[in-house]
Amino acid sequence: MFYAIGMKILVVEDEERVAQFIQKGLKEEGHAVDVSYDGEDGGFLAEVNEYDLIILDVMLPKKNGISVCREIRERGVITPVLMLTARDSIEDRVRGLDAGADDYLIKPFAFDELLARVRALLRRQSEHKTPTLLIADLELDPMTRLVTRGGKPIRLTTKEYALLEYLIRNQNKVLSRTRIGEHVWDMNFDPESNVIDVYISHLRNKVDKGQKIALLHTIRGQGYLLSDDSPLI
């Protein structure tokens, strides 16, 4: 079974009630969710941030979803796009798909169907990534969410897993607290919060404790690093 956990998703929806409903549900599934309420801002966020999925409404103020989708595709954004629309016509769906959308969902919709479509798009995306992520003897399988070190399983919470996956996908790179917060939580993450330090501490206890080689490193004044080499500080 495929578990899409800890993904970063952009929701572009001008109906605040609908946007918050989607955001709340996706957060409960373990995803980090940014929300935009108009096409211009949504298109900007889609270009400047790295997302695993974009949920894009068609009828938006300032710029409609069809135009947003077409423009981000022209600018090289390949992130999967799930379009939402209240118009149940073949012509509208064809326009969206021709603009570069990957899937369509008609309003009103059941949240379970939205989740199923989100999982399907994230599954397709994950198939183009390395099935198993490795560093030293630490192994993470995104398909099953199984994490082991030296062959021994490590039990992680949803957020701990999301943080570790982000670190291992960016191994040997120093990641700032702001960058981690915005990806694993959302763009409204408070950089003054100590929540990242708390979760890093939890990961250290589960991943590095009792091991000969420490993989999680704090780079003073810069952020955190997952590496099997001792960093120069």
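The values are calculated or read from the model by the stated rules, or taken from the named source; none is laboratory data. Just so you know, these numbers come straight off a predicted model, no measurement behind them. Here Cβ is always computed from backbone atoms with ideal geometry, including for glycine, and neighbour counts include all displayed protein chains.
Tabulated data
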{"read-out": "Residue within region 184-192 that is outside the structural domain of LEU156 (by TED's automatic domain parsing) and of a type in the set (Val, Ile, Thr) present", "value": "no"}
{"read-out": "Subset of region 155-187 [surrounded by fewer than 18 Cβ atoms within 10 Å (Cβ to Cβ), within 17 Å of ASP228 (Cβ to Cβ) and among the hydrophobic types (A, V, I, L, M, F, W, C)]", "value": "VAL174"}
{"read-out": "Residues of region 16-46 classified as surrounded by fewer than 20 Cβ atoms within 10 Å (Cβ to Cβ) and in contact with a helix residue (DSSP H, G or I) (Cβ under 6 Å, 6 or more places away or on another chain), total", "value": "2"}
{"read-out": "Complete set of residues in region 77-105 that are surrounded by fewer than 20 Cβ atoms within 10 Å (Cβ to Cβ) and within 16 Å of PHE21 (Cβ to Cβ)", "value": "ALA86, LEU105"}
{"read-out": "Single residue of region 68-94 satisfying the filter (among the hydrophobic types (A, V, I, L, M, F, W, C) and farther than 17 Å from LEU114 by Cβ) that is modelled with the lowest pLDDT", "value": "ILE90"}
{"read-out": "The lone exception for ARG145 - which of (1) surrounded by 14 or more Cβ atoms within 10 Å (Cβ to Cβ); (2) among the charged types (D, E, K, R); (3) free of Cβ contacts under 8 Å to residues at least 40 places away in the same chain it fails", "value": "(3)"}
{"read-out": "Which listed residue, of ASP190, ASP208, is free of Cβ contacts under 8 Å to residues at least 40 places away in the same chain, more than 18 Å from TYR166 (Cα to Cα) and surrounded by fewer than 19 Cβ atoms within 10 Å (Cβ to Cβ)", "value": "ASP190"}
{"read-out": "Any hit, region 170-185, residues being hydrophobic (A, V, I, L, M, F, W, C) and over 22 Å from the mean Cα position of the chain (by Cα)", "value": "no"}
{"read-out": "Residues (of a type in the set (Gly, Ala, Ser) and in contact (Cβ under 8 Å) with a residue 12 or more places away in the chain) located in region 95-117", "value": "GLY96, ALA99, GLY100, ALA101"}
{"read-out": "Answer from ILE196, ILE213, ILE180 - the residue that is of a type in the set (A, V, I, L, M, F, W, C), out of contact with any strand residue (DSSP E or B) (no Cβ under 6 Å at 6 or more places or on another chain) and more than 25 Å from GLN23 (Cβ to Cβ)", "value": "ILE213"}
